[in-house]
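So the structure is just underneath, and the comments pick up after that.
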Amino acid sequence: MQEFFRHLPPPLVIGTLVGIFFSIYRHNRTSRVRFWIVAWSLILLHFLVPIIELHPNRFNWLIDDLDSTTLQLAGVGFIFSLAPLRLTEFARWVCFVGISLPVAMFSILSTIESQHKLLEVFCIVLATFGGVGVYHYFCINRDIYDNLIEGALLVVGGASLYQLYSGNSQAPYYALMMASYALAAIFVVRHYWRYSPGVLVSSGGLLAWSGVWACAAYFPAFMARVGDAGTELWNVPKFVVSFGMILILLEDESIAAQSARDREHSLNRQVERFAEITSQLLGAVDVPPFCEKIANVITEEGNFHRVVVLLADDTHYLHIAGHSGVSPDALAHVQSVAAKMNVEEITRLCHATTKVGKNSYRVPPDKVASGRFMPSERGYPEHANWRRGDELLVPLQSHRGLSVGCFFLDDPKDVERITAEELIKIELLAGDLAVAIDRSTMQRQLVLREKLVGVGQSVAGVAHELNNPLTAVLGYTELMGDYNLQPEVARDLTIVRREANRMKRIIENLLRFSRQSRTETTRTDFNAVLTDVLTLREYDLNGKGIKLETTVPSYLPEIAIDQSQLKIVLSNLIGNAIDAVQENTSKFISVEARELGNKLLISITDSGPGISDLNRIFDPFFTTKSPGRGMGLGLSICYGIMRQHGGEIYAANVHPTGACVSIEVPMATAMHPKQAEILS
C-alpha cells in the first residue's frame, strides 16, 4: 500500500492537468489543443502503468509495452501539434498515425528485446527518414532552419541504424525520444515566436525532457548510478511542460481578448471614417475625384493592402477613378485590363465566381479574361477564404439596379477576416458611392433638360415671331418673280429668295429642337438605317483614313422612331465624330448598340479631343468647330428629335481622350398597345 501511494501523486497531477486541457478545449477547439490532449492522455497512461504493475499478472508484458510506447507517441503528438505543415487537420492526423505506427512498433520490439533486427531497421527508417520526407514535402515557408532540422533528423536516424548494427537496441529508443522532445521544443518557439513565460517554460521544459533522454542514450553509466533516486527529478520536466502549455493557452486567450478589443476599436474607427465618406457623398462632392480618398480609407481602415476603384463611362467601359497601395507597374497593368472590361463583364464575374458577402465576390485569376487583375508577389497558405491569385470584387450598383463600376481589392491583411460580416461595411460604402454617382448623373441630366426646355420655349417664341415676316418676304419674292424685271434686279431677287429659304430651314430646325413640329412615329429597323447612313459617310471615312468599328448585334428588335428622323440623328452624330478626329493622329470611331431594358442604347464614341463644355453641347448655335464649318444646330436638332420620340440623348467625355454621345430609343414592343396597333 505504501508503494501504491508513492506512485499516486504524479498521475493525480497529470490527470488534473488533462482535465484542465479538456476544460480549455471547450472554448478553444483547435487542432493544436486536440493533439495536446492526446499527448497528455498518453503521458497520464504512462504514469498509471506503474500503479497497475504493483499487482503482477500475466499481462505484465502488455503493461511494459504501454510504459515504453506512451512517451514515444506523446513526443510525436507534440511535434504534429505545432509542425508548420501545409496540411488539413484530417491529413495531419493521418500523417501522425502513419509516423506513430513504426515508432510504437520499434518501442515494443525494443522492450521485448526482439531478435528481428531487420524489422527494427524498417521501423527506424519509416520513423526518421519518412518523417523527414513528410516535413520536406509539406513544410510551409521553408528557410535554412528547416534544412538544419531535416539534417539533424537524418543524423539521428543514421546514428540509430548504426547502434542497431552494433547490437544496441536501447540507444536508438532513447535517441528517438530525445529527438522528439527537442524538435517539439523548437516548434514551440517557431510557432509562437514571442518572449512570454508560457513559451519559455514550455520550450525549456521540452529541452530538459529531451536532455533526460540524451543522458539515457549516451551516458548510461551516469543514469545507472543515479538509479531510482533520480526518478522524481526526471519527472520534473514533464510537469514544467504541462504547466507551460496551459500557460500558453491562457496567454493565447489573453492575446485573443486584446485582439478583440483592438479589433472593436478598429471597427469603430472604420465605421467613423466610412460614415464621414458617406456623409460627403450625400453632399455636393464631385464623385470621380473623390474615389481616390475612398480607396485610401479602405486600405487604411479595411482588411486589404491594395484597392482599385473602377468607374464606367458613358460607353460602359471601365477606367481607374481611384487607387491605393498599387505600384506604378501594377497600375499600368490594371489600366490595360480595365480598358477591355465593361459593366457586362462585371455582371458576368459576379455570376461566375464565389459569393462571399451579400454584394462581394471572390474572383480566381482564371475568371478574368485578361488574366489576373492586379499581379502580386504576396504568398498565402492554403485557406478556404483565400487562395493565391484571388481578388475580391465589390460591384457598384445603384438602387435602380444599374452597375456603374466596381471595387477590386487584393492582398488581404488577414485571410480569417474575409467574411460576410467583415465585408458588409465596404459593401454599404460601395452602395452609397453607386447611389451618389447615379444621383449625380440624373441631376446633371435634369438640369440640362430643364435648361434646354427653357431655351426651347424661348427659341419657339422667336421662331414664330420670325416666321410671320419671313412668310411675307417669301410671298412677295414669289410674286415679284412673275414680273418682267431687269437682269440685275432678278439676280438680286434670287439671292433674297435663297437666303429667305435658308432662314426658313433654320426656323424649322429651331422648331424641331423646341419640339413644336410633329413627326410620325413608325417601326424602324436600326440595322437598316445604320447601313444607309454608313454608306453615305463611307467616302468621308475612307478619304480621311478613319477607322470605324461597329459593335451591333445582327438582330435587334424594331424601335419606335421615324426612319428619316433617325437617319438625321445618326448622320449628325457620325458627322460630328468625323470632324472631331480628322485632325488627330489616332482616328477612331466606334458605333455600339445594345438592348437596355425596353430601350435600344446607341453609343457613338470618337478618339478626338473631347467636348470642352458639356453643359452647353445641346444649346442652339453652340459649336466647337472652327468658323464657317457649322452653325451649331446639329446636336440641338438631334435633341429635339429624341425628346419628340420619347427617347434620351446625352454626351460625355471618355477616358483617356475622346467623347461619346449616346441615344436611347424606345423599343416598338415597349409602346402602349394602342400606339402599337396604330403603327401596325
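The values are calculated or read from the model by the stated rules, or taken from the named source; none is laboratory data. As the structure is a computational prediction, the values presented were derived from the model and not from experiment. Here the Cβ is made from the backbone with ideal geometry for all residues, glycine too, and neighbour counts use every protein chain on show.
Please determine whether any residue of the range 312-321 is part of a helix (DSSP H, G or I) and either modelled with pLDDT of 80 or more or touching a helix residue (DSSP H, G or I) at 6+ places or on another chain (Cβ under 8 Å) (or both). No: zero hits.
Of the residues making up the range 601-642, those that are modelled with pLDDT of 70 or more and part of a loop (DSSP other than H, G, I, E, B) number 8.
This table checks each residue for (1) at pLDDT below 85; (2) under 23 Å from Pro11 (Cβ atoms).
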| residue | (1), (2) |
| --- | --- |
| Ala208 | no, yes |
| Ala217 | yes, no |
| Val226 | yes, yes |
| Glu232 | yes, yes |
| Phe239 | yes, yes |
| Phe243 | no, yes |
| Ser254 | no, no |
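Determine if the range 540-547 includes at least one residue that is at pLDDT 85 or above and surrounded by 19 or more Cβ atoms within 10 Å (Cβ to Cβ). Yes - at least one qualifying residue is present in the range 540-547. For the range 279-293, check the following and say yes or no: at least one residue is modelled with pLDDT of 85 or more, more than 30 Å from Val661 (Cα to Cα) and among the basic types (Lys, Arg). No, that holds for no residue. In the set (1) at pLDDT 65 or above; (2) surrounded by 15 or more Cβ atoms within 10 Å (Cβ to Cβ), Asn598 fails one condition alone, (2). So which residues in the range 358-380 are basic (Lys, Arg) and modelled with pLDDT of 70 or more, if there are any at all? The answer is Lys358, Arg362, Lys367, Arg378. A search for C-beta distances below 7 Å between a residue of the range 364-375 that is assigned by TED's automatic domain parsing to the domain that holds Ala339 and any residue that is in a loop (DSSP other than H, G, I, E, B) and at pLDDT below 75, counting only pairs 6+ apart in sequence or on different chains, returns Pro365/Gly371; Pro365/Arg372.
Return yes or no: is Glu113 of a type in the set (Asp, Glu) and surrounded by 14 or more Cβ atoms within 10 Å (Cβ to Cβ)? Taking the combined requirement at face value, the residue does not satisfy it.
You will find that of Tyr181, Tyr192, the residue that is modelled with pLDDT of 85 or more and either in contact with a Phe, Trp or Tyr (Cβ under 6 Å, 6 or more places away or on another chain) or among the polar types (S, T, N, Q) (or both) is Tyr181 and no other.
Summed over the range 393-424, the residues that are farther than 22 Å from Ala275 by Cα and either aromatic (Phe, Trp, Tyr) or surrounded by 22 or more Cβ atoms within 10 Å (Cβ to Cβ) (or both) give a count of 2. In the range 429-445, the residues that are among the charged types (D, E, K, R) form no Cβ pair under 9 Å with any partner that is at pLDDT below 65 and surrounded by 17 or more Cβ atoms within 10 Å (Cβ to Cβ), whether six or more places apart or across chains.
Take the residues in the range 338-352 that are within 15 Å of the chain's Cα centre (by Cα) and in contact (Cβ under 8 Å) with a residue 24 or more places away in the chain; name whichever of them is farthest from Pro365 (Cα to Cα). Per the stated criteria, the residue is Thr347.
Within this structure, Leu87 fails the test of being at pLDDT 85 or above and in contact with a Phe, Trp or Tyr (Cβ under 6 Å, 6 or more places away or on another chain). What are the residues in the range 152-168 that are surrounded by fewer than 11 Cβ atoms within 10 Å (Cβ to Cβ) and outside any loop (DSSP other than H, G, I, E, B), if any? The answer is Tyr165, and nothing else. Candidates in the range 381-412 are the residues that are part of a loop (DSSP other than H, G, I, E, B) and of a type in the set (D, E, K, R); of these, the one that is modelled with the highest pLDDT is Asp390. For the range 120-148, the tally of residues that are over 12 Å from Leu85 (Cβ atoms) and surrounded by 14 or more Cβ atoms within 10 Å (Cβ to Cβ) stands at 12.
Within the range 338-350, can you find the residues that are modelled with pLDDT of 80 or more and β-branched (Val, Ile, Thr)? Once the filter is applied, which keeps residues that are modelled with pLDDT of 80 or more and β-branched (Val, Ile, Thr), the range 338-350 yields Ile346, Thr347. Scanning the range 113-125 for residues that are assigned to a helix (DSSP H, G or I) and of a type in the set (Asp, Glu) turns up at least one hit.
Listed by first and then second residue, the pairs with beta-carbon distance under 9 Å, at least 6 apart or on different chains, first residue in the range 583-594 and assigned by TED's automatic domain parsing to the domain that holds Asn653, second among the aromatic types (Phe, Trp, Tyr), are Ala593/Phe526.
In the range 640-658, the qualifying residues are those that are among the aliphatic types (A, V, I, L, M) and under 31 Å from the mean Cα position of the chain (by Cα), and the one that is nearest to Ser607 (Cα to Cα) is Val654. Among residues that are at pLDDT 85 or above and out of contact with any Lys or Arg (no Cβ under 6 Å at 6 or more places or on another chain), Ser68 is not included.
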